[in-house]
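J.: Below: one structure in structure tokens.
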Amino acid sequence: AHIIIEEYEKASEISGSGTNKQLIVLSAKSEQLLQRYAVRLRDSVKRTMVNEEVDPTHTVQLSEIAYTLQVGRQPFNERLGLIVSGKMDLLTKLERFIEGQHNHSIGIFCGESVDSMEPQLKSVKVGDTSIYDSFAKGDLNKVARYWVAGGHIDWNAMHTGNKIRRVSLPTYPFEMRR
């Protein structure tokens, strides 16, 4: 009888966009709920970073956070897209959004999904590969603008061939009403 034992190798950081940058997407039914969702995500990422310092064997990759938010959440009308290059960058941009700073030039895209998309984005049709090509080439600005404006993206198709795990993240903050 023989036994072969191998060390577990954690999946390497895989970026669907071909760069170290990731597109973090959040959406909600109202601006206030989107704000609350951003606060919950910020607090969760902070806890994750503290836990990683205590136990470095349980790390969460930025690509795993992005992937989970892209494929594991239903899109609502109020949308936020953040182009980030690391967890600290994610925290910084979440803070800026929470404080009311929305600036495309620093990778913070937010708005309401509406029928009046920007003309150049409206021309993207279902099945059109230009958004997918932009994602593959790392043009996350175009993808973020398209998604925030209400575009539908098949995130699973964006990540075809990549083995990225889903991670535990805060869920949508429902409005408390009686």
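The values are calculated or read from the model by the stated rules, or taken from the named source; none is laboratory data. Keep in mind that this is a model prediction, so the values were computed, not measured. No Cβ is skipped: glycine too gets one built from the backbone with ideal geometry, and neighbour counts run over all protein chains shown. Heavy atoms of the whole protein, side chains included, go into the accessibility calculation; ligands, DNA and RNA do not. Shrake-Rupley method; radii C 1.70, N 1.55, O 1.52, S 1.80 Å.
J.: Using a cut-off of under 17 Å, list every residue of region 75-94 whose amide N is near the label point 7 Å from the Cα of ASN156 along the Cα-to-beta-carbon line.
T.: The answer is 75, whose backbone nitrogens lie closer than 17 Å to the label point.
J.: Quick check: residue separation of ASP43 and ASN77 times 0.36 nm, minus the Cα distance between them. What number comes out in nm?
T.: That works out to 9.9 nm of additional length.
J.: Let me ask something additional. Which value in nm describes the separation of the simple spin-label points at HIS58 and THR171, placed 7 Å from the Cα toward the beta carbon?
T.: Output for this residue pair reads 2.1 nm.
J.: Using the structure shown, select from LYS142/LYS163; LYS21/LYS137; LYS21/LYS87; LYS21/LYS142 the pairs with a Cα to Cα distance greater than 18 angstrom.
T.: Table pairs above 18 Å Cα-Cα are LYS142/LYS163.
J.: Might you work out the accessible area of ILE3 for me, using a 1.4 Å probe with all protein chains in place, and round it to the nearest 10 Å²?
T.: So the heavy atoms of ILE3 present about 140 Å² to solvent.
J.: Here's something else I'd like to know. Using protein chains only and a probe of 1.4 angstrom, how many square angstrom of GLU64 are accessible, to the nearest 10?
T.: That residue has around 10 Å² of solvent-accessible surface.
J.: With every protein chain kept in the model, how would you rank HIS152, HIS159 by accessible area, 1.4 Å probe, largest at the top?
T.: Correct descending sequence by accessible area is HIS152, HIS159.
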